[in-house]
Amino acid sequence: MDRNATLKQAATLVTERDFASAEPVLLDLLALFPEDGEAHALLGTVFLYTGREKASAQSFMKAHGAEGPVREALGAHLLAHLEGRRLLAKKGGGVDPEAQRLAKSLRDAGAALNEKPGVKLSACLVVRNEERHLERCLASVRPFADEIVVVDTGSTDRTIEIARSFRAKVLTQAWDDDFSAARNAALEAASGDWALVIDADEELIGNWEALLKEALSRPHFSGYHVSIHNRLSEGRSGELYVHTAPRLFQRRPGVVFTGKIHEQVAPSLLATGRPIANLEGAQILHHGYAPTVMREKRKIERDLRLLEQEVRANPNDSFQLYNLASALMIAERPAEAEHVARLCVGLLKPTDSYGAPAFLLLTESLRRQGRTGEILAVCEEADRRGFGGILIEFARANALFHGGRHEQALRSINRCISFPWPVGMPGDYGILTHKRHALKAKILRALGRNEEAAEVYQRAEECGKPIAGYLYGKAVALEQAGRFEEALALYEQGEYTPEIAPLCMKGIARIAALRKEHRKAASLFEKAWQHTGDDYEAWLGWAKACEAQGDADGMQAAYAAFSEKREPTPEILINWGRALTETRQYERALECFIGAIKRSPSDANAYFNAGDLLYRLEHYGDAAGLYETALRHEPDHAQGWFVLGNCMAQLDAYDQAQEAYKKALKLHPDHPQALHNLRFVQRAIQKAA
């Protein structure tokens with residue numbers, strides 16, 4: 001091994017912050033040159049930036065023979081870390097003897113503190129008319145923040161009053177369509193060493209107390225990326241869009257936000273020469289994308305206006321193009337979102353964390369426009385450009401499924417399930433937790449593999465928040481697998497969940513009908529129809545269940561209900577007419593049959609049914625005319641010829657009756673009634689002769 005070349009390679013990797021690659025190179029080097037001080041200094045730097053400060057301190061001691069900026073910076077950072085630990089312990093009313101001992105050892109080995117770290121934390125907010133959310137936010141922050149700074153941009157509700165009740169420092173500033181200006185005003189007014197940036201419609205969740213003890217004692221990081229969970233539906237469960245952003249960072253000269261909307265602080269943090277770390281386990285829950293909040297605050301209109309301004313000013317800013325495309329999708333403008341998303345993906349750099357989400361956004365815009373056939377080409381482009389993975393494979397599997405290519409969809413969703421979620425990538429986190437499993441279950445159902453589908457639906461529920469649609473999907477899979485008791489238990493559970501109640505009522509009704517419990521089935525199908533007001537499957541089940549139990553009144557009610565919501569088809573009018581006939585509502589029945597004839601003049605069945613009714617009412621001439629018309633459309637209808645013969649016989653038109661009976665017998669030689677009536681009219685003809 002060439003010691004100098006290897007050391008240079010390791011130093012380059014450390015400078016590029018590629019610590020995962022640098023560590024094995026340095027360990028191999030030290031295995032051959034165990035006393036190499038420069039290698040120990042570099043390895044100590046790797047340990048420092050990967051959260052292993054004790055090991056870093058040991059490497060610093062072993063690097064005693066090395067001189068230069070690497071060991072000097074390592075020693076300074078380690079002492080700053082230990083000083084942070086001491087200050088945090090003091091803040092909590094205690095001491096950290098281990099930190100004190102280690103700091104003494106480092107100083108004895110030549111380490112020197114070149115700046116004084118601090119652990120005071122300022123929570124910084126920008127607000128306007130946030131009385132609905134602010135108390136929840138500040139209650140989550142108060143246990144950890146040394147001060148709360150609130151910049152109000154024009155509230156007319158109780159926002160300022162609530163902020164002051166938490167002893168916040170409140171400043172007022174006119175709103176000028178610039179989020180960065182307001183953010184920077186809050187930073188400037190703060191006095192903390194660290195800033196925690198949070199919005200009024202957010203709250204801290206997770207073990208922030210322990211996380212902050214770690215974070216604030218590591219000033220060798222300029223700040224921390226925090227996971228932000230954006231609720232896309234009401235309540236504390238439902239769809240999540242997850243992204244990360246530097247929300248906890250050091251207040252240093254030059255650290256400012258830029259951009260009027262979706263403002264960024266990361267560039268100025270990195271300009272300090274210190275990396276941004278991930279604060280694993282820290283979460284901020286954002287309620288502001290819930291539909292009611294978006295409507296109340298008209299956030300989407302504001303966001304679109306500001307994003308359009310940003311894009312006009314910086315047309316090659318792929319990040320703001322991505323944000324604009326996202327906002328257009330939220331505003332349900334998919335064609336415009338597609339255009340902007342295509343501009344965005346055309347400008348993506350390989351390192352852009354939002355690259356795969358941008359491609360996913362493009363596929364979703366196509367899907368909403370009904371152009372699923374174009375999605376696969378977009379997925380292939382994403383793969384070619386290095387953005388493949390969990391999101392793109394999910395989009396591909398979904399497109400293949402909706403295209404009826406179920407075997408290929410199954411292979412694709414299995415690949416999707418094998419992928420992790422890349423660190424720092426924003427996007428629909430539900431794809432990782434449950435959506436990919438739910439899509440696999442749908443694919444398995446389409447393939448008739450219902451037993452497997454039921455198991456995968458269960459996995460989808462276990463991976464994410466319980467979602468009503470998955471309960472229903474599992475119930476359907478169990479029903480189709482013939483496991484009716486298990487399916488019934490799930491349907492009955494879902495019957496009281498509003499979003500799937502009608503679907504579950506139909507499921508219970510289907511099983512009741514299968515068991516010939518027609519009265520129960522009719523009642524549930526009717527209830528499901530009334531719940532939705534326009535569910536053809538529910539209505540058809542209702543009508544058929546009434547027919548199966550011979551409930552003519554129920555059938556008539558079902559057809560009447562249908563006609564209030566939809567234009568009845570000829571088939572429905574005919575069946576309705578039959579139900580009315582059974583309840584002796586002959587005039588209305590005839591109206592239904594005539595309506596069917598008008599809608600479908602070539603439908604022989606409508607003429608036959610109208611003829612049957614008129615024959616029953618002894619209007620033989622009119623009935624005969626209808627049968628003749630029906631038989632012109634369907635001349636091979638033996639029973640039609642037979643009844644036409646009866647009409648003619650009633651009218652004493654025996655020759656025509658004889659001809660009709662002969663045609664019936666030609667089509668149905670063993671028709672006993674036709675044979676009997678033919679003999680009767682033949683005798684009548686002979687008598688007349």
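The values are calculated or read from the model by the stated rules, or taken from the named source; none is laboratory data. Everything numeric here is computed off the predicted structure, so don't read it as measured data. Neighbour counts are summed over all protein chains in view; Cβ atoms, including those assigned to glycine, are modelled from backbone coordinates with ideal geometry. Surface accessibility is based on the protein's heavy atoms, side chains included, excluding ligands, DNA and RNA. Shrake-Rupley method; radii C 1.70, N 1.55, O 1.52, S 1.80 Å.
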How many of the residues making up region 193-227 are in a helix (DSSP H, G or I) and of a type in the set (Gly, Ala, Ser)? 2
Of GLU499, GLU567, the only residue that is within 27 Å of ALA453 (Cα to Cα) and either among the basic types (Lys, Arg) or open to solvent by 80 Å² or more (accessible area, probe 1.4 Å) (or both) is GLU499
For region 205-215, how many residues are in contact with a strand residue (DSSP E or B) (Cβ under 6 Å, 6 or more places away or on another chain) and either under 20 Å from PRO253 (Cβ atoms) or crowded, with 20+ Cβ neighbours inside 10 Å (or both)? 2
Looking at ALA589, ALA545, which is the one that is farther than 29 Å from TYR627 by Cβ and in contact with a helix residue (DSSP H, G or I) (Cβ under 7 Å, 6 or more places away or on another chain)? ALA545
Pull out all pairs, ordered by first then second residue, where Cβ-Cβ is under 7 Å, the residues are six or more apart or on different chains, the first lies in region 326-338 and is hydroxyl-bearing (Ser, Thr, Tyr), and the second is assigned to a helix (DSSP H, G or I). SER326/LEU361
Test: LEU88 is farther than 19 Å from PRO246 by Cβ and touching a residue at least 60 places away in the same chain (Cβ under 8 Å): yes
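Conditions (1) within 19 Å of TYR620 (Cβ to Cβ); (2) basic (Lys, Arg), marked per residue:
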| residue | (1), (2) |
| --- | --- |
| ASN646 | yes, no |
| LEU651 | yes, no |
| ALA657 | yes, no |
| LYS666 | no, yes |
| LEU675 | no, no |
| LEU678 | yes, no |
| VAL681 | yes, no |
| GLN686 | no, no |
Being surrounded by fewer than 21 Cβ atoms within 10 Å (Cβ to Cβ) and at pLDDT 95 or above narrows GLU393, GLU380 down to just GLU380
Out of the helices (runs of 4 or more DSSP H) lying entirely within region 91-192, which hold 1 or more residues that are under 35 Å from the mean Cα position of the chain (by Cα) and surrounded by fewer than 14 Cβ atoms within 10 Å (Cβ to Cβ)? 134-141
Residues that are open to solvent by less than 40 Å² (accessible area, probe 1.4 Å) and in a helix (DSSP H, G or I), drawn from region 448-468: ASN450, ALA453, ALA454, VAL456, TYR457, ALA460, ALA468
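Just checking: which of the helices (runs of 4 or more DSSP H) contained wholly in region 592-654 hold 1 or more residues that are without any contact (Cβ under 8 Å) to a residue 12 or more places away in the chain and open to solvent by 30 Å² or more (accessible area, probe 1.4 Å)?
620-633
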Give the residue, chosen from ARG578, ARG584, ARG588, that is open to solvent by 60 Å² or more (accessible area, probe 1.4 Å) and in contact with a Leu (Cβ under 6 Å, 6 or more places away or on another chain). ARG588
Among residues belonging to region 353-373 that are open to solvent by less than 20 Å² (accessible area, probe 1.4 Å) and without any contact (Cβ under 8 Å) to a residue 40 or more places away in the chain, point out the one that is farthest from the chain's Cα centre (by Cα). GLY355
Scanning region 306-352 for residues that are of a type in the set (Val, Ile, Thr) and open to solvent by 40 Å² or more (accessible area, probe 1.4 Å), which turns out modelled with the highest pLDDT? THR351
Screening GLU479, GLU492 for residues that are open to solvent by 70 Å² or more (accessible area, probe 1.4 Å) and free of Cβ contacts under 8 Å to residues at least 40 places away in the same chain leaves only GLU492
So the check is Cβ under 9 Å with 6+ separation or different chains; which pairs have a first residue in region 412-428 that's assigned to a strand (DSSP E or B) and a second one that's at pLDDT 85 or above and surrounded by fewer than 18 Cβ atoms within 10 Å (Cβ to Cβ)? GLY427/TRP421
Starting from region 32-46, keep only residues that are open to solvent by 70 Å² or more (accessible area, probe 1.4 Å), then list their pairs with residues that are in a loop (DSSP other than H, G, I, E, B) and of a type in the set (Gly, Ala, Ser) whose Cβ atoms are within a distance under 9 Å, requiring at least 6 positions of separation or different chains. GLU35/GLY65; GLU38/ALA63; GLU38/GLY65; GLU38/ALA66; GLU38/GLY68
